[in-house]
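Written out below as structure tokens is the structure these notes cover.
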Amino acid sequence: MSALRVGLTGGLASGKSTVADLLAERGARVIDADELVADLYRPGAPGTAAVRAFFGDAALAPDGAVDRAAVARRVFADAEARRALEAAIHPLVRRRFEEVAAGTDGIVVLEATLLVEAGYGPGFDLIVTVEADPEVRWRRAVARGMDEREARARLAAQGEGAARRAAAHRVLRNDGDLAALTAQVDELMTELGQMAALREGGAG
């Protein structure tokens, strides 16, 4: 039996990770794309080979793993380099997610900032995006310790999110407090549970 596959996305400081935590607390299996990337960036891993091919040994740490901070500085300053690297890494992430999700029952969620932009959409039963006003997101990012200019640059690099919202089946608004967001997650989880039950019934 295959799991109900849910894509969870949202821009910088939108509250996506909070929603992921809430879904996990309610029984969903959540897989963080960043953790998959970290695995792909280990010494000798396929992602590390791709980064080295693009940026050379300067992009690697002394142990042979990817120096993610160095790569982030490079790609956020060079849109062409960012797109090239994403084109190489995103298929590896999707393949690893499918490997992890295979054979899983219930609800499995891939949490990924660039889920739609990376072309992950096909194959998901439901895509959910978490949205908030850009200024709210900027203030949250800065409050967490991000440099003000870096926060602006990252928000700009991620775009306005029109494609993300257009592709999403459900939009959760996170301009308010945690209670308001939690209520939306509870409604979403009820819907996902019903979808998973229908799939299980159909499989039976």
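Nothing in this text is a laboratory measurement; each read-out follows from the coordinates by a stated rule. Owing to the predicted nature of the structure, the values given are computational and were not obtained by experimental measurement. A quick note on method: Cβ atoms are made from the backbone with ideal geometry, for glycine too, and the neighbour counts reach across all protein chains shown.
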Highest GNM mean-square fluctuation among Ala118, Ala72, Ala59, for the chain with Cα springs under 10 Å, belongs to Ala72
Taking only the alpha-carbon atoms of region 7-109, the convex hull volume per residue, in cubic angstrom, is 110
In the neighbourhood of Arg165 defined by beta carbon distances under 15 Å, the net charge of the other residues (Lys, Arg +1; Asp, Glu -1) is 0
Evaluated at 10 °C and 1.306 mPa s, the Stokes-Einstein D of the chain based on the Kirkwood radius over Cα pairs, in µm²/s, stands at 88
With R₀ set to 25 angstrom, the calculated FRET efficiency between the beta-carbons of Ala84 and Arg149, to the nearest 0.05, is 0.55
Interchain or sequence-distant (5+) residues whose placed amide H lies within less than 5 Å of the amide H of Gly106 are Leu4
Computed about the Cα centre, the charge dipole of region 4-203 from +1 Lys/Arg and -1 Asp/Glu charges at the Cβ has a magnitude in debye, to the nearest 20, of 420
Computed from the beta carbon distance with a Förster radius of 25 Å, FRET efficiency for Arg52 and Ala156 to the nearest 0.05 stands at 0.35
One finds, for Ala166 and Ala70 with R0 = 35 angstrom and r their Cβ-Cβ distance, a FRET efficiency to the nearest 0.05 of 0.55
The rounded separation in angstrom of the Cα centers of region 65-137 and region 140-180 is 15
